[in-house]
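In what follows, a single structure is set out as structure tokens and then discussed.
The values are calculated or read from the model by the stated rules, or taken from the named source; none is laboratory data. Given the structure is predicted, the values throughout are model-derived calculations rather than measurements. In this analysis, Cβ positions are derived from the backbone assuming ideal geometry, glycine residues included, and neighbour counts consider all displayed protein chains. The accessibility values were calculated without ligands, DNA or RNA, using every heavy atom of the protein model including side chains. Shrake-Rupley method; radii C 1.70, N 1.55, O 1.52, S 1.80 Å.
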Amino acid sequence: MGLGLVQSKTDPCVFIQRDKRGLKLAVCSHVDDTAVVGQKPDVEALMTEYEKHLKIEQLGKLKKHLGIWWEWKRDLDDQIFLEGKMRKMATEIIQSYEDATNKVVKLATTPATPSSTLRKASEEEPVVQRTEYMMLVGKLLYYVTKVQPEMSNAVRELSSHMAHPTTEHWKALERSIGYLAWLESEDKTGIILRKPKELRSVSWTDSDYAKNEDNRRSISGRVSTLGGMITSWSSKKQATVALSSTEAEYYAYSE
């Protein structure tokens, strides 16, 4: 299209434009929802050229992107930061749970019971509302991936039992949704993004050795930042069985 954009080698949805000074523009596109980062004159020039090829709607300063509502704020030091929330989806998850169970969710101050592990149900145990369970966990997965990193491990574990959810799994699901409801009541949902302190990638990782009771696999947890600003996070079961806690730590580190 002659826009001078080059696709990122690490993320196919990101396109960049450079000049002799370095990075000039960054365009993050997902289907028909696009965010553009750059100096105002450069952004306006790109939009003018873009409109020669496709009809677009310019919504101005970033306010909503991929379901996240962004609010621009200033802290006590007069530094700008972004606060991202998905209140509509959080309310929808809580309401869907209450509709499925016919009871009000109990507030919880942690997304899971400390030191607990969900086990795989036996074939003799009855399946409890599998469709509703899958729907709720699916929504939680999307929500956690976008704005609530501290719920990642609890929701990962819930997602491992979609084929055969039992009363035990529903109890754990209520705990996670209860935590979401508590965050909403305290106005603590969402994520805050601040200007990086430096352009250096810094990550933290840890493992939970042999945590899975069914196959003895360990769990890897990770939080990545750019100069202290969070960029991504994950919690996942390791691909193979670690023979020691040290080996499990190395697995998590290498990932």
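Look at M135 and say whether it is closer than 24 Å to W170 by Cβ, touching a strand residue (DSSP E or B) at 6+ places or on another chain (Cβ under 6 Å), of a type in the set (A, V, I, L, M) and surrounded by 11 or more Cβ atoms within 10 Å (Cβ to Cβ). It is false that M135 is closer than 24 Å to W170 by Cβ, touching a strand residue (DSSP E or B) at 6+ places or on another chain (Cβ under 6 Å), of a type in the set (A, V, I, L, M) and surrounded by 11 or more Cβ atoms within 10 Å (Cβ to Cβ).
Residue-wise test of (1) assigned to a loop (DSSP other than H, G, I, E, B); (2) surrounded by 15 or more Cβ atoms within 10 Å (Cβ to Cβ).
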residue	(1), (2)
K88	no, no
Q95	no, no
V105	yes, yes
R119	yes, no
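A single entry from P126, P149, P165 fulfils the requirement of being touching a residue at least 12 places away in the same chain (Cβ under 8 Å), over 30 Å from T225 (Cβ atoms) and either open to solvent by 10 Å² or more (accessible area, probe 1.4 Å) or in contact with a strand residue (DSSP E or B) (Cβ under 7 Å, 6 or more places away or on another chain) (or both): P126.
Do you know which of the residues in region 60-81 that are part of a loop (DSSP other than H, G, I, E, B) and more than 19 Å from Q39 (Cα to Cα) is most open to solvent (accessible area, probe 1.4 Å)? Across region 60-81, the extreme among qualifying residues is L76.
Out of all the residues in region 129-149, is one or more in contact with a Pro (Cβ under 9 Å, 6 or more places away or on another chain), on the phi < 0 side of the Ramachandran plot, hydroxyl-bearing (S, T, Y) and in a helix (DSSP H, G or I)? Yes: region 129-149 contains one or more residues that are in contact with a Pro (Cβ under 9 Å, 6 or more places away or on another chain), on the phi < 0 side of the Ramachandran plot, hydroxyl-bearing (S, T, Y) and in a helix (DSSP H, G or I). Please go through region 213-255 and give me each residue that is part of a loop (DSSP other than H, G, I, E, B) and under 29 Å from G190 (Cα atoms), ordered by number. Hits for region 213-255 are S218, G227, G228, Q238, E255.
Of the listed requirements (1) touching a Cys at 6+ places or on another chain (Cβ under 8 Å); (2) modelled with pLDDT under 90, A35 misses just one: (2). Among the residues making up region 16-49, those that are assigned to a strand (DSSP E or B) and not aliphatic (A, V, I, L, M) are Q17, R18, D19, G22, K24, C28, S29, H30, D33, T34, G38.
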